[in-house]
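See below for the structure under consideration.
The values are calculated or read from the model by the stated rules, or taken from the named source; none is laboratory data. Keep in mind that what you see is a predicted model, and the values were worked out from it rather than measured. Cβ sites come from the backbone with ideal geometry, for glycine too, and all protein chains shown count toward neighbours. Please note that ligands, DNA and RNA were not included when accessible areas were found on the heavy atoms of the full protein model with its side chains. Shrake-Rupley method; radii C 1.70, N 1.55, O 1.52, S 1.80 Å.
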Amino acid sequence: MSDQIAPDDLSRDLWSRGGTWQLQDLLASALGTLLLLGGAGRPAYFSSPWISDFALFDNRFGAFAGLFPDLPEGERITFVEYLARLVSVGTQVRIITARTEASQRFLESPRLREVMAAPGAGGGLAARYTDDDYHEKGILAWTFYIEGSMNITHKGALMRKEKVTYHTVGASGRREKIATAYLEFDRHWGLLG
């Protein structure tokens, strides 16, 4: 029996312990990959009742500077700057959130409003509010789906003890998982429009 991970074994559960880097490393890796792939004809969904800006990439040593060539050198790259860059590489970004104070503040931030107002080359960023009892949390892209208890906030990604499952398209049965998630997110998005 081999200790190697087979290509069909690419779905993982991750329990963060609050204050550890496991979840932030997963987010940085998965989301950074989307910047390298560029737009693929499918939108990227960010779904959470609470969404806020937070330091997504730890760039103290310049490890992510190549993915963000237009940003000045800095220690941290925020979620808002990530979304702006994702749109600039041609990815359509859709945010689904509840009308919470945190989410409203996030969506009204000057940088995000600038990105929403700019015409995208196949990309673009749009957000829709859902009802207050909405509790779906996840990040869905054509290459992966992250689902679980994590809100897309500073506390959710960096501080709280969260459990998420990371599915990739290479995993057996995960293509169907991602396709089914797209059906549900697209349906919900359409109902909110």
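Given the criteria open to solvent by less than 70 Å² (accessible area, probe 1.4 Å), of a type outside the set (A, V, I, L, M) and farther than 21 Å from Gly138 by Cβ, does Glu73 qualify?
Working: open to solvent by less than 70 Å² (accessible area, probe 1.4 Å): no; of a type outside the set (A, V, I, L, M): yes; farther than 21 Å from Gly138 by Cβ: yes.
Taking the combined requirement at face value, the residue does not satisfy it.
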Fill in the blank from the handout: Considering residues that are at pLDDT 80 or above and either touching a Cys at 6+ places or on another chain (Cβ under 6 Å) or among the acidic types (Asp, Glu) (or both), the number found within the range 8-67 is 3
Fill in the blank from the handout: Taking the range 44-70 and keeping only residues that are touching a Phe, Trp or Tyr at 6+ places or on another chain (Cβ under 9 Å) and either exposed (fewer than 15 other Cβ atoms within 10 Å of the Cβ) or free of Cβ contacts under 8 Å to residues at least 60 places away in the same chain (or both), one is left with Phe57, Asp58, Asn59, Ala63, Phe64, Leu67, Phe68
